[in-house]
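*Asks:* Got a structure for you, written out below as structure tokens; questions coming shortly.
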Amino acid sequence: MNAHLLNDLIWRMAEELGVRHGYTLIDNDEGMLTLRRQEGVRVTYLFLLPLYYGESPEAQQELIRSQLQESIDWMKTFGRRKSALVHRKIHLYIRTSPGVQTPLEDLAKISVSSVTEQYRAEAWAADPGQHKLFASETRVTGRESLERILREPIPSEYELGALNASIERRHHAIIRAQEERFGRPRQEESGRRKGSPVTFALTAINVVVWLLMTAYGGSDNPETLVRFGAKYNPYIDRGEYWRWITPIFLHIGGLHLWFNSTALLSIGGRLERGIGSLTFALFYLLAGIAGNIASYTFSPTISAGASGAIFGLMGVLLVLSVMDPDLWGESGGGAMWGALAMNVVLGFIVPGIDNYAHFGGLAAGAAAGWVYMTLKRARVSAR
């Protein structure tokens, strides 16, 4: 089965589960889809993806076990906040071609679980060529529908444009079904959006401004920094309050620019796609301004950089991960907390870092995230 037909099969399954069985699409990573459904205390995730062919059956099994363990860790990042729930994640591996591998019925016996069985991940396998589903005895809503889809014949010929259009229709059908159920668009649906224009525009602006500063005396030259709008308390005291904004786009040296640009690109993309470009831009600027005001209040030194705004994005993500963990747990889970802790420690160890800007931006971002989620919940309740 080629990649286009495989993608179509995955989206047929997703449409069946999303439209007719109440699943929510929570991740769309280049055709590998994750869907979620809660029934009582059980939360079931279905992860649809191609079957990996290892160098040997043993290598294939080891990879699958490692993927299942990653799913356990992923569920734990937000499952602890809802300790009464039991989480199950099914990896449905779809066979694409024959090859030396573990028999599919044996793959379906592989599972990983926590000691208490609160978190469990297991492998299922589908063979479209044999029209069979190999699975455990775990009760999963929609299983019969998946078996029915697999019994359908695979087309020998197709037109790529029509196939892609069909996939788009299926995706929109899932979105409409979710909006009808929840009364609002969900963050995971926006994950389908391509591109993060504000994130890339901000990065480009930072680079261009840094190049101009380098040409006009050097980005680490205090006179150049003040001339371009760095936070400089004596000038702010005389009314140049725009210096609470301009430092967001200035950087002191190439290493400073590189660190902040890397952080912005890694954090900003998914957050922008999730909350929308305008909201993302507003939060970024508010956090940056708050960071510069905090720096002005508590530190007399010249300062510049996007760090306050980036800490603000971290604050937004962390609050979203706590208030809506099923949708944002992966983005704002243990890795984000670890990155934040590391940056805070570095702020106290490395000389010259403006911790006041960092903490001011972080606090503003956390507050913005809380307001965002509170207003969103209020809109849902009002409907």
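Any read-out appearing in this document is the output of simple, stated calculations on the displayed coordinates, not a laboratory observation. Keep in mind the model is a prediction, meaning the values are calculated, not measured. Here the Cβ is made from the backbone with ideal geometry for all residues, glycine too, and neighbour counts use every protein chain on show.
*Asks:* Kindly rank 220-232, 353-365 from highest to lowest mean number of other beta carbons found within 10 Å of each residue.
*Replies:* Output ranking for 220-232, 353-365: 353-365, 220-232.
*Asks:* OK, next. Can you pull the one-decimal nm distance between simple spin-label points at Thr138 and Asp237, each 7 Å off the Cα toward Cβ?
*Replies:* With each label point 7 Å from Cα toward Cβ, the separation is 6.5 nm.
*Asks:* How many nm separate the modelled label positions at Asp106 and Glu223, each set 7 Å beyond the Cα in the direction of the Cβ?
*Replies:* Output for this residue pair reads 7.5 nm.
*Asks:* Quote to one decimal, in nm, the extra length available between Thr301 and Glu157 on full extension: 0.36 nm per residue of separation minus the C-alpha distance between them.
*Replies:* Full extension of this stretch gives 45.0 nm more.
*Asks:* Compute the distance from the alpha-carbon center of the range 54-79 to that of the range 226-256, in whole Å.
*Replies:* Taking the Cα centre of the range 226-256 as reference, the centre of the range 54-79 is 48 Å away.
*Asks:* List the lysines whose alpha-carbon lies under 30 Å from that of Lys76, not counting same-chain residues fewer than 8 positions away?
*Replies:* Lys89, Lys109, Lys194, Lys376
*Asks:* Could you compute the net charge surrounding Val112? Neighbours are other residues with a C-beta less than 13 Å from the C-beta of Val112; K and R count +1, D and E count -1.
*Replies:* Neighbourhood net charge equals +1.
*Asks:* Cβ under 10 Å from Phe134's Cβ, Phe134 left aside: what net charge do those residues give with Lys, Arg +1 and Asp, Glu -1?
*Replies:* In short, 0.
*Asks:* Ok, one more. Identify the residues of the range 42-60 with backbone N under 15 Å of a label point that sits 7 angstrom from the Cα of Ser114 along the Cα-to-Cβ direction, or state none.
*Replies:* Inside the label zone: 42-45.
*Asks:* Something else: Between Ala59 and Ala165, 0.36 nm times their residue separation minus their Cα-Cα distance comes to what?
*Replies:* Taking Ala59 through Ala165 to full extension adds about 34.5 nm, to one decimal.
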